[in-house]
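The values are calculated or read from the model by the stated rules, or taken from the named source; none is laboratory data. Given the structure is predicted, the values throughout are model-derived calculations rather than measurements. FYI the Cβ positions are ideal-geometry reconstructions off the backbone, even for glycines, and counts take in every protein chain you see. Just so you know, the surface numbers come from the protein's heavy atoms only, side chains and all, with ligands and any DNA or RNA stripped out. Shrake-Rupley method; radii C 1.70, N 1.55, O 1.52, S 1.80 Å.
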Amino acid sequence: MFRSLHMKLTMILLLLITSLMVVIAAFLTTSVSSFYIDTFYQQINAVFSEENEDFYSSLCREAAQADGAERVQAMLEANAGLLGIDYRTRNYYVLDSSGNYLNGSATLENGLLPHGTTANLLIAQNGSVGDESSITDDYMDVAIPIVSESGSLLSIIYILDNRTTVSALNDQLFLIIMQALLVGLLISLLLSFLLSKAMVGPIEKLTAGAERVAAGDFDSELPVESTDEIGILTGTFNEMAEVLQQTLAAVESERNKLDTLFLHMTDGVVAFDHDGQLIHANPAAKEMLGQTLDEDCCYNDLFAHLFPFEQMLALHRSNHTEAEMRAGDRILELYLAPFADLESGGVLTVIHDATEQHRNEERRKEFVANVSHELRTPLTNVRSYAETLRDAEGDLPPDMSNSFLDIIINETDRMTHIVQDLLTLSRLDTGNTEILLTRFPFRDAIESVFRANAMAAQRHNQELTCHIEDELPLIAGDRSRLEQVMTNIIGNAIKYTPNGGHIAIRAGTTEDRVWMEVSDDGIGIPEKDRSRIFDRFYRVDKARSRESGGTGLGLSIAKEIVDRHHGTIGLAPHEGPGTTVRLELPIAQVVM
């Protein structure tokens, strides 16, 4: 209840008014009492002071007479007005030297003074004027000794005021103060209402606006209703909300960019908090690691065998650590680095799939080795036969010399074919080979290649047949390159089919593509080699390939050409011994 600013303002004003009235009441009552006491003693002193010494001397002479008490009373009655004697609250008493009552303006009950023997009476009995009084006492008194010329105490004039007037005045004053306090409290309540409306109202609006901003509503602008500090604060709040909205929008945009980046990037990203618990992992990381990477996963489950987590946190933020690990059949390169500080930071791991790079490196090494081997064999033969011819110096028969020269020429042609094929592959890899796009009949290309290879099949006593569907459309492509692919497929079938075997060519169309299949009943391709027949320099039967003059690059070149035409080439299902190679090409295409 008292946490409300309105209640606090009200309580402050009430306490202020109450405290002020209490202080005023205390001050007034004290002042009235002090004023009344001062007035009392001023009146007494005015009558009995040294300036009025004749009056006191007269009292002393009259008191020395036989009827001194009556004479003194008569003098006091004559000066009752000056002494303020009203016979109700203030009276005088004439006492003997022992303090016994002789006479006065009021009679005594049982001969006793109202307050008995006071301190001032005792002082007067000792011959001095007793005029001491306290503001807390409920009476005021003064005792004046009357002495003879010899200095003996004749009587005592005792004037007593019971302060009834002061008490009544204070009561009346207290009533007035209470009434003023009640009015002040009512005024304070009214002022608190006005203050709450003038001060608390804008603050409540600011509070409501802050709650809306905290809830994400930045569109509602608070009205600026004044030019004072509250108005300035409201305007500043509106500017803050606008800047905050722009900042949050920028942060949200950056977060969306990062989320999209993490979601679609090919590299994996895994983040861990200061305790090593997983806080983020993108789909690429889950795929590479082959794990679900749920929220219970931690750093030690994945990478503790590479680097301890504490060691990673201790790294300077500008440093990172690299490592390599295997996950199934993948080879992963890891880049680990800490982020933020030691208390709120963690470790970020970037995962790169280097499997293909390693495979390419192995293929490169194998390719270099194959090229070296393929060129070394004919070079060795050329050198050997050339040295033999040089060393013989004409001693060899002409037919043998010609035979050696034929071998040298054949080996040179073989090296030329290897270099030409390598150059073709290089151009295809770099995109420097132009594909001349024309429209031509697919049937005509197949029949042309069929006729070109018919003689080779006859030399091996092989049966080469061709069956083409009646309607084949025109296709877009480089005819010479595609005929080179067909020739390679049919040529391989002739090479690896025994004498007397059968080779069948079939072709047709399916919707937006044309196809050609070449089937044979030759030696076939083992299952373990089927996935690698398009690798460069790869041969299933290396000895027979070299005998037939093959370089091991024909199918690699064929695949590159078909890929450039957005087609496919591969092994098709085949029953019995032998192989079926299927070529598919789109009818309409845009050549790369």
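How much accessible surface area, in Å² rounded to 10, belongs to the heavy atoms of Thr349 with a 1.4 Å probe? That residue has around 0 Å² of solvent-accessible surface. Taking all protein chains together and a 1.4 Å probe, the residues Lys257, Lys8 rank Lys257, Lys8 from largest to smallest accessible area. By a 1.4 Å probe calculation restricted to protein chains, Ile409 has an accessible surface near 90 Å², given to the nearest 10. Of the listed residues Met486, Met415, Met199, the order by accessible area with a 1.4 Å probe, largest first, is Met199, Met415, Met486. Residue by residue, region 187-195 carries 3J(HN,Hα) couplings of 5, 5, 4, 5, 5, 5, 5, 5, 5 Hz when phi is fed to the Karplus relation 6.51 cos²θ - 1.76 cosθ + 1.60 (θ = phi - 60°); x denotes Gly or Pro. Seen from His574, the other residues with C-beta closer than 11 Å to its C-beta sum to a net charge of -2, counting Lys and Arg as +1 and Asp and Glu as -1.
With a ≥ b ≥ c the root eigenvalues of the C-alpha gyration tensor of region 412-535, is it rounded (a/c under 1.5), prolate (a/b larger than b/c) or oblate? Cα axes put region 412-535 in the oblate bin. With Cα atoms defining each centre, region 180-254 and region 497-511 are spaced 88 Å apart in the structure.
Ligands, DNA and RNA left out, the 1.4 Å accessible surface of region 293-333 is 43% carbon and sulfur atoms.
Each Lys and Arg Cβ is given +1 and each Asp and Glu Cβ -1; about its Cα centre, the chain then shows a dipole of about 2800 debye.
Close amide H pairs (under 5 Å, H built 1.01 Å from N) link Phe440 with Ile475, Gly477, residues at least 5 positions away or on another chain. Compared with the alpha-carbon gap, the fully stretched path from Asp54 to Leu28 is longer by 5.5 nm at 0.36 nm per residue. Computed from backbone phi with θ = phi - 60° and the Karplus coefficients 6.51, -1.76 and 1.60, the 3J(HN,Hα) list for region 155-172 is 7, 10, 8, 10, 10, 10, 10, 7, 6, 4, 5, 5, 5, 5, 5, 5, 5, 5 Hz; x is used for glycine and proline.
Can you compute the modelled spin-label distance between Met240 and Asp86, with each label point 7 Å from Cα toward Cβ, in nm? Computed distance between label sites Met240 and Asp86 equals 6.7 nm.
For Ile279 and Ala454, the difference between the fully extended length at 0.36 nm per residue and the C-alpha to C-alpha distance is 56.2 nm.
For region 1-63, with all protein chains in place and a probe radius of 1.4 Å, 65% of the accessible heavy-atom surface sits on carbon or sulfur.
The accessible surface of region 166-282, taken with every protein chain in place and a 1.4 Å probe, is 66 percent carbon and sulfur. Counting only chymotrypsin sites (Phe, Trp or Tyr not before Pro) that sit in a DSSP loop (anything but H, G, I, E, B) with at most 13 other Cβ atoms within 10 Å, what is the longest stretch of the chain containing none of them? It runs 88-592. Given R0 = 30 Å, the distance between the Cβ atoms of Leu263 and Phe307 translates into a calculated FRET efficiency of 0.65. Can you work out the FRET efficiency for the pair Asp391 and Lys528, with r the C-beta to C-beta distance and R0 = 45 Å, to the nearest 0.05? Between Asp391 and Lys528 the formula returns 0.50.
Per-residue Karplus couplings for region 198-211, computed as 6.51 cos²θ - 1.76 cosθ + 1.60 with θ equal to phi - 60°, are listed in order as 7, 10, 6, x, x, 5, 5, 5, 5, 4, 4, x, 5, 5 Hz, Gly and Pro entered as x.
Placing unit charges on the Cβ atoms only, positive for Lys and Arg and negative for Asp and Glu, gives region 207-291 a dipole magnitude near 520 debye about its Cα centre.
In a simple Cβ point-charge model (Lys, Arg +1; Asp, Glu -1; nothing else charged), region 147-217 has a dipole of about 300 debye relative to its Cα centre. Across q = 0.05, 0.09 Å⁻¹, the chain modelled as identical point scatterers on its alpha-carbon atoms has Debye log10 I(q)/I(0) values of -0.59, -0.96, in the order of the q list. Heavy-atom accessible area per residue, region 56-213, 1.4 Å probe: how many Å²? Per residue, region 56-213 has an accessible area of 53 Å².
Applying 1/(1 + (r/R0)^6) with R0 = 30 Å to the Cβ-Cβ distance of Asp399 and Arg376 gives a FRET efficiency near 0.55. Fully extending the segment from Glu463 to Asn319, taken as 0.36 nm per residue of separation minus the present Cα-Cα distance, adds 44.9 nm.
Under 18 Å from a point 7 Å along the Cα-to-Cβ line of Thr107: which residues of region 71-87 have their amide N that close? Backbone N within reach: 87.
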